[in-house]
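The values are calculated or read from the model by the stated rules, or taken from the named source; none is laboratory data. These numbers come from a predicted model, not from an experiment. Every residue, glycine among them, receives a Cβ derived from its backbone with ideal geometry; neighbour counts consider all protein chains shown.
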Amino acid sequence: MPALVPTEFYATVTWLGTVPTARESIRAELRDRLEFTFAGIPGERHEGLTRPSCSRVLAQYPERGTEIANVRQVSIVSAEENAMIAAECGLEALDPIYLGASIVIEGIEDFSHVPPSSRLQAENGMTLSIDMQNRPCNLPAREMEADMPGHGKPFKAAAKGRRGVTARVERPGRLTIGDRLRLHIPDQRPWKLATD
């Protein structure tokens, strides 16, 4: 019996980018296609089969820098949620370069809240496994403030619950702008104690 159910929800890739390893900031560079390996995107800041633990997992690994599996090789955000963030930051649009994003998709509502362990699968079979919702941080706000003073400060509050998801590569392959991704979700009910 399949553990993941293909849904009728599809997203279109509208933007691709990378944050080079040597770069100090999270400012991304636009790409028209990306190659994905089991370690992520070659030459990208979050590439690797493992990574040092960070503030997101302090409850599990109190010592920062503990080597753990890298389930955040890719950052995926939605165009719809970015538009909401932009509006709350007083902008007409929010350029994904400020977010350190790998992929911007369009077409799946409430994208930041898709179930963990869902998959996004391209028509060529390339598949990303979603780990969890990404948390807003001050790094995008700093990038925005540098270019648009006054517009970065509201970012963290505006991005709460809208920051997209982190993911790892389950099946390597290529993505290009315009590709379609199908959402597959775990075949299970919500955890009862979380809904009580």
Checklist outcome for this item: Looking across the stretch 16-52 at residues that are assigned to a loop (DSSP other than H, G, I, E, B) and acidic (Asp, Glu), the single one that is surrounded by the most Cβ atoms within 10 Å (Cβ to Cβ) is GLU47
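Here's the yes/no breakdown for (1) closer than 20 Å to GLU44 by Cβ; (2) modelled with pLDDT of 95 or more; (3) assigned to a loop (DSSP other than H, G, I, E, B):
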residue	(1), (2), (3)
ILE130	yes, yes, no
GLU143	yes, no, no
VAL169	yes, yes, no
LEU193	no, no, no
Next on the checklist: Is it the case, given these coordinates, that GLU92 is touching a strand residue (DSSP E or B) at 6+ places or on another chain (Cβ under 9 Å), without any contact (Cβ under 8 Å) to a residue 40 or more places away in the chain and either surrounded by 16 or more Cβ atoms within 10 Å (Cβ to Cβ) or in a loop (DSSP other than H, G, I, E, B) (or both)?
Outcome noted: no
Checklist entry - Would you say ARG182 is under 12 Å from the mean Cα position of the chain (by Cα), of a type outside the set (A, V, I, L, M) and either buried (at least 20 other Cβ atoms within 10 Å of the Cβ) or not in a helix (DSSP H, G or I) (or both)? => result no
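If you scan the stretch 88-102, which residues turn out to be small (Gly, Ala, Ser) and under 13 Å from LYS153 (Cα atoms)?
The one that is small (Gly, Ala, Ser) and under 13 Å from LYS153 (Cα atoms): GLY90.
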